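Read through the structure below, which is laid out as structure tokens, and then see the notes.
Every number in this text was worked out from the coordinates using simple rules, so none of it is lab data. This one's a predicted model, so the numbers in the text were calculated from it and none came from an experiment. With ideal geometry, Cβ positions are generated from the backbone for all residues, glycine too; neighbour counts draw on all protein chains shown.
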Amino acid sequence: MKIQYKLIAVLALLSGAAQALDAPDKPLHYKPSDTILILGAVPQEIPPFVEAMKDAKKKDLQGIPYWQGHIEGKPVVVAITGIGKTYTAMTTTLFVGAFKPRLVLMSGTGARTNLDLRTGDVIVATVMHEHDYGSLTSKDMVFRPMNSPIDGHEVENAFSPSPALLKLADQAIATYQGPEVTANDATYKVKVRRGVVSSSDLFGVTAARIEILRSQFHNDIMEMESAPLGHVCETLGVPYIVVRAGSNVAQEAPNDDYLRLGPIAAKQAAYFSLHLLKYL
């Protein structure tokens, strides 16, 4: 597998074309431990995981707090990345290097660009994009491939978990009984499905940017961490999967709606992620 991925990278250099690679099924560059690394962006996204540990111990790694224990009999490390692309990349890289996990699971929330989603509905990301990478012109946002540290070869701005992990997620989706939630003056059962997530260092965005996400990426949820996590994991050759629940509708000034709806979405993402852990 490792030789195969190196060959693909060489072919990308020779062709000059941007390549889109799925993440591997197993870590490519280290012998993995049994640990699953679970990451949330903000404090409200991880309490269900810590509560699910019977032997949780709080520690820190270079000043960053984390909890270590077992969930469903599986060794886990749970940490908060912090908000945005830089903190996500930093924390993910640091914890991958320290714990050599067999896979990374990110659980959290995001604004709903797909209006068919309701607050608390869950998306398992099949593809993620960074929607602030490229050229912002007076007329449009022009997206471009990314240049990697591997001899600068171009990588497509699209990051996907391995097909094997997505199949396990499908099994979890098929057996999950979504709880009932009440939000926005309605009561309903949470639904879970595959979908598209886009990330940037923008908390609120204009209606024009939201339309670009819908038309160009067929986007479901917009947030600030998933694509950079996928970007890091694919570059480092680490398997990963991303779970996001919709909070507020995407908008220019989401603060009040996010504060009201974010806690609902954070719990629903974590509840499904805990169910998913049984299959991982």
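Length gained on full extension, ARG194 to TYR279, computed as 0.36 nm times the residue gap minus the Cα-Cα distance: 29.0 nm. Shape class of the range 218-280 from the alpha-carbon gyration tensor: oblate, with a/c at 1.5 or above and b/c at least as large as a/b. Step through the table entries LYS74/LYS191; LYS85/LYS267; LYS57/LYS278; LYS59/LYS100; LYS57/LYS167; LYS58/LYS191, compare each Cα-Cα distance with 28 Å, and write down the pairs that go over it. Going by Cα-Cα distance, LYS57/LYS167; LYS58/LYS191 fall outside the 28 Å limit. Between GLU156 and LYS58, the contour length at 0.36 nm per residue exceeds the Cα-Cα span by 31.5 nm.
At 0.36 nm per residue, minus the direct Cα-Cα distance, what do THR175 and LYS31 gain on full extension? Give it in nm, one decimal, please. Intermediate values should be presented prior to the final figure.
Details: separation 144, 0.36 × 144 = 51.84 nm, distance 3.16 nm.
Difference between extended and current length: 48.7 nm.
Shape class for the range 2-277: oblate, because the ratio a/c of the largest to smallest gyration tensor axis (alpha-carbon atoms, square roots of eigenvalues) is 1.5 or more and b/c is at least a/b. If you take all other residues with their beta carbon under 12 Å from the beta carbon of ALA125, and give Lys and Arg +1 and Asp and Glu -1, the sum is 0.
For the range 2-277, the antiparallel share of DSSP beta bridges with both residues in that region comes to about 45%. Bridgeable aspartates and glutamates around LYS26 (alpha carbons under 17 Å apart, same-chain partners fewer than 8 residues away excluded): ASP34, GLU234. Distance from the Cα centroid of the range 97-132 to that of the range 234-280 is 5 Å (rounded to whole angstrom).
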